[in-house]
Amino acid sequence: MKRAFVMVLALAILATAAVSAPGQSKDTLTVALVSIIDTLDPHMHFERVGILININMFDSLLHKNAKLEYEPSLATSWKALSDTVWEVKLRKGVKFHNGDTMTAEDVKYSFDRVTEPGKEKKRSPQYGNIRAIKEVRIVNPDTIHIVTDKPFPLLLERLVFFPIVPKQHIEKVGDQAFGESATVGTGPWKLLEYKRGHHIRLEAFDQHWRGKPAFKHLTIRGIPEVATQVAELKTGGVDIIRNVSADLVPDLKAHPQTSISSAPILRTHYVHLDMRTEPFNRKLVRQAANYAIDREAIVQKMMAGLGRVVPTVVHPAVFGYDASVTPYAYDPKKAQALLAQAGYPNGVDITLHSSFVEFRPVFEAITQMLTDVGIRTNARMWDPGPAWNKYFQGEGKATHGYYGSWGYYSVFDADAILHPLYHTEPGGWVGKWYIRVEGLDQLVDQARSTVDQAVRKRTYSQIQRLIKEEAPSIFLFHQFDTLGVSKRVEYQARGDEWLWLFDARPKR
Amino acid sequence: MTALLVRRVIRLLVVCLGVSLVTFSILHASGDPVSLVMPEAPEADRVVLRQALGLDDPLAIQFLRFFGNVATGNFGNSFFHRTPALPLVLERMPATLTLTVLAMALALAVAVPVGIYSAVRRNSLVDHVATVVVFLGQSMPVFWTGIMLILLFAVQWRVLPVSGWESWSAVVLPAITLGTFSAPLLLRIVRSSMLEVVHLDYVRTARAKGVSEWVVILRHALKNAALPLVTVAGLQFGLLLGGAVITESVFAVPGVGRLIVSSIRQLDFPVVQAAVFFLAMIIVAVNFVVDMLYIYLNPQIRVR
């Protein structure tokens, strides 16, 4: 018996010793994402991780460089012919991964594929992004006209992520195969192997018009656990991880193999206040709540400095931001005074909700700060699923408000947050339940229905002054995207949260 | 024997019906998947998608449709991936089953010999050490064990990969993690049931007849002590499938567990239903095997 036991033990030890961790090949760049998308068809999903993968395999008409300036990509130039017609010149001689040359037909096909009516069941989830595009007209093989149904000031922003796909190829292999195995684009990397839910292997595309990326191979792995991602990064199993939280920053900075790269992103935090019910139907209470929060302390102490205070929900990096609007100061005394003036000298009891799991400590800090000035807050955390029912749907039933964030869908324009959050029309997002600000709808509509940027800028200034005064939300801060990067790789985090891996290069 | 088989198959169908009813109700009570599929899209677009997915129909109709489809082996399309749910589940089954079976084998490989030894040499050093290890093993949550093993074997000693599923070496840590979860209970069962039988008359008789100690323990005692072990091992298999959900996440194993977790998060009803349905079938099948083993080990049951 003793012998059997010893043998089992010996076997177990042998099994572990016989194998060793696979080494990293030098020309391979490995990136970890929390999950791997279930189709590679770039028009058939709406997820951040999907976008991160697809931008490396597909090109769009326009590109944004690391400084987030527009750059030519498949389009070499673009100009507005009128309020509703844009002329776009296409790059000549661009090859798809299967050797075909990209033509104006492919560009037209790509847009039609998403906007074509009558395909309800198969309709792309990106339809909403570009539905303002009525038609793409081929003028000649190198020129197209993009016609919108009304002035569409966000067109260029939308064109930065709208992947161009090969018409003939898709018609030959079918949508299904295109999304699973026969994925072909014009981007810097082409598909080698795709294992759904697990990993994707890509290889540098020799004939890309930009030239070759610095790494020959790119592997993208799905690793759901942050602790596992960090362990992989430290041992060289992966080179880049995303969404590094503040508590991990010192550890990764100190480790000999890893470094941190951070960039301010559009994700803006706020507490939406329910303007329908007491006490937030009173402006003074909403202002008091804004004075009660020490935003700077939260950013510095709880987010390792990886964030910046915003005056309203409008982010400093977007079109329409007005720097002359200043954030609410941290002034608990004033908050108490305003609360008393509003008719609550003994304070008031409220409930706030959140499903923003990653920022739970921040949510708790906010509720504590509110409680300190007399807005005694009961904090409720929800899973994302039930949360949608609770405060985004139906009648927006959550009482008093919720803490959340908005990522602008990476669109650098004030409209991308003002319309979804504050517009009260039925087609809007949550505004219709929570927001009761006189005249705000008209201003938002006015700004989105002209392409005259000077007029839009003026309107957005007006909106920012209005919402700061009316305080439909507690305005907080925007966060940073923090990457953990292996010391053998040079790569800088981007303000749009993209992983544009063409820019990555080996160090040493 | 045939009657028993038929009864078992009927039970299997009833369990499957119950499982799907429960999954269906819980999921549909938990929120609207469309908002999670396209979170930053305007309401108008979401209305279109909701209609397309049939989420506007009354719940009863949705359930009938679901059940009608399941009867024909069709679990519907995933809301999120827009592809049939069943293949999504089936392609992840091998990883989960490999992991679970290996973990079970590992747990048994440790639990049975150590359990027998502890019982036979009661209060020996091995027995005491085993008791302590059992205590530790049972108090560690699966994800913690996993992360500790990663830190030790992959980060510190670098003898095994951190995560993945490419090579056999990548299977070792998740299997140990999951096995550690199961081994303690099995060990205790083996030990206590062996202790019960080693003092029974027939064992003493066998010894008195001069049968060697090995044969007494393995052939006479173990065969009877194995009954509770088989029962518990069967139950454990179901628990291991559950434990695989967490283990798969920690080790980035492309299995059903991970699929279920992400699908629940996205309220992707068809995928969750298909996956839970399949796991339930496996558990029922394992129970069936356990019943059959019982009959082999204890012929009295057949008579009853």
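The values are calculated or read from the model by the stated rules, or taken from the named source; none is laboratory data. Only a predicted model underlies this, so the values are computations on that prediction, with no experimental measurement involved. Reconstructed Cβ throughout: ideal geometry from the backbone, glycine too, with neighbour counts over all protein chains shown. The protein model used for the area step is the full one, side chains on, heavy atoms only, and it has no ligands, DNA or RNA in it. Shrake-Rupley method; radii C 1.70, N 1.55, O 1.52, S 1.80 Å.
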Hits in the stretch B:250-261 - residues which are surrounded by 20 or more Cβ atoms within 10 Å (Cβ to Cβ), in a helix (DSSP H, G or I) and of a type outside the set (Lys, Arg): B:Val250, B:Phe251, B:Val256, B:Gly257, B:Leu259, B:Ile260
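So, restricting to helices (runs of 4 or more DSSP H) that lie completely within the stretch A:159-265, which ones have at least 1 residues that are within 11 Å of chain B (Cβ to nearest Cβ) and under 27 Å from B:Val250 (Cβ atoms)?
Details: elements: A:167-173, A:175-180, A:226-235, A:249-254.
Passing ranges, in order: A:226-235.
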Subset of the stretch A:135-154 that is within 26 Å of the chain's Cα centre (by Cα) and modelled with pLDDT of 90 or more - its residue that is surrounded by the most Cβ atoms within 10 Å (Cβ to Cβ): A:Ile146
The stretch B:48-63 residues that are open to solvent by 80 Å² or more (accessible area, probe 1.4 Å), paired with ones that are not aromatic (Phe, Trp, Tyr) (beta carbon under 7 Å, 6 or more apart): B:Asp56/B:Arg50; B:Leu59/B:His28
Residue list for the stretch A:438-466, filter: open to solvent by 40 Å² or more (accessible area, probe 1.4 Å) and among the β-branched types (Val, Ile, Thr): A:Val451, A:Val455
Number of the condition not met by B:Gly73 [criteria: (1) closer than 22 Å to B:Ser263 by Cβ; (2) exposed (fewer than 13 other Cβ atoms within 10 Å of the Cβ); (3) modelled with pLDDT of 85 or more]: (3)
Selection from the stretch A:342-397 of residues that are out of contact with any Pro (no Cβ under 6 Å at 6 or more places or on another chain), closer than 24 Å to A:Trp433 by Cα and of a type in the set (Val, Ile, Thr): A:Ile350, A:Thr351, A:Val357, A:Ile366, A:Thr367, A:Ile375, A:Thr377
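Condition test on A:Asn378, is it modelled with pLDDT under 80 and of a type in the set (S, T, N, Q)? Break it down into steps so the answer makes sense when it comes.
Numbers: modelled with pLDDT under 80: no; of a type in the set (S, T, N, Q): yes.
So A:Asn378 does not fit the description; no.
Here is a check on your reading of the model: is B:Thr205 within 14 Å of another protein chain (Cβ to nearest Cβ), of a type in the set (Val, Ile, Thr) and either assigned to a helix (DSSP H, G or I) or under 19 Å from B:Val134 (Cβ atoms) (or both)?
Values: within 14 Å of another protein chain (Cβ to nearest Cβ): no; of a type in the set (Val, Ile, Thr): yes; either assigned to a helix (DSSP H, G or I) or under 19 Å from B:Val134 (Cβ atoms) (or both): yes.
No; evaluated as a whole, the condition is false for this residue.
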Hey, B:Arg11 within 12 Å of chain A (Cβ to nearest Cβ) and modelled with pLDDT of 75 or more or not: no
Any hit, the stretch A:301-315, residues being open to solvent by 10 Å² or more (accessible area, probe 1.4 Å), β-branched (Val, Ile, Thr) and either in contact with a helix residue (DSSP H, G or I) (Cβ under 8 Å, 6 or more places away or on another chain) or in a helix (DSSP H, G or I) (or both): yes
Conditions (1) within 28 Å of A:Val160 (Cα to Cα); (2) polar (S, T, N, Q); (3) assigned to a loop (DSSP other than H, G, I, E, B); number of the one not met by A:Thr399: (1)
Of the criteria (1) more than 22 Å from A:Tyr491 (Cα to Cα); (2) touching a helix residue (DSSP H, G or I) at 6+ places or on another chain (Cβ under 7 Å), which one A:Asn56 fails: (1)
Any hit, the stretch B:256-263, residues being within 11 Å of another protein chain (Cβ to nearest Cβ) and more than 22 Å from the chain's Cα centre (by Cα): no
Among residues of the stretch B:115-129, those that are open to solvent by less than 10 Å² (accessible area, probe 1.4 Å) and not acidic (Asp, Glu), counted: 4
Condition met for B:Thr247 (over 20 Å from B:Leu99 (Cα atoms), part of a helix (DSSP H, G or I), of a type in the set (S, T, N, Q) and in contact (Cβ under 8 Å) with a residue 60 or more places away in the chain): no
Per-region count, the stretch A:404-462, residues touching a Leu at 6+ places or on another chain (Cβ under 7 Å), β-branched (Val, Ile, Thr) and under 20 Å from A:Val318 (Cα atoms): 3
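Might you check whether a residue that is closer than 30 Å to A:Val160 by Cβ and without any contact (Cβ under 8 Å) to a residue 12 or more places away in the chain occurs anywhere in the stretch A:418-427?
Pass one, the stretch A:418-427, residues closer than 30 Å to A:Val160 by Cβ: A:418-427.
With the extra rule that they be without any contact (Cβ under 8 Å) to a residue 12 or more places away in the chain, the set shrinks to A:426-427.
Yes, that holds for at least one residue.
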Matching residues in the stretch A:97-132 - criterion: being among the acidic types (Asp, Glu), at pLDDT 70 or above and either more than 14 Å from A:Ile170 (Cα to Cα) or surrounded by 18 or more Cβ atoms within 10 Å (Cβ to Cβ) (or both): A:Asp106, A:Glu116
Subset of the stretch B:173-183 that is more than 10 Å from every other protein chain (Cβ to nearest Cβ) and open to solvent by 10 Å² or more (accessible area, probe 1.4 Å) - its residue that is modelled with the lowest pLDDT: B:Phe181
Matching option when the condition is assigned to a helix (DSSP H, G or I), more than 14 Å from every other protein chain (Cβ to nearest Cβ), at pLDDT 80 or above and within 30 Å of B:His28 (Cβ to Cβ), among B:Ala285, B:Ala233, B:Ala225: B:Ala285
Residue ID - surrounded by the most Cβ atoms within 10 Å (Cβ to Cβ), chosen from residues in the stretch A:467-501 that are in a loop (DSSP other than H, G, I, E, B) and more than 21 Å from the chain's Cα centre (by Cα): A:Pro472
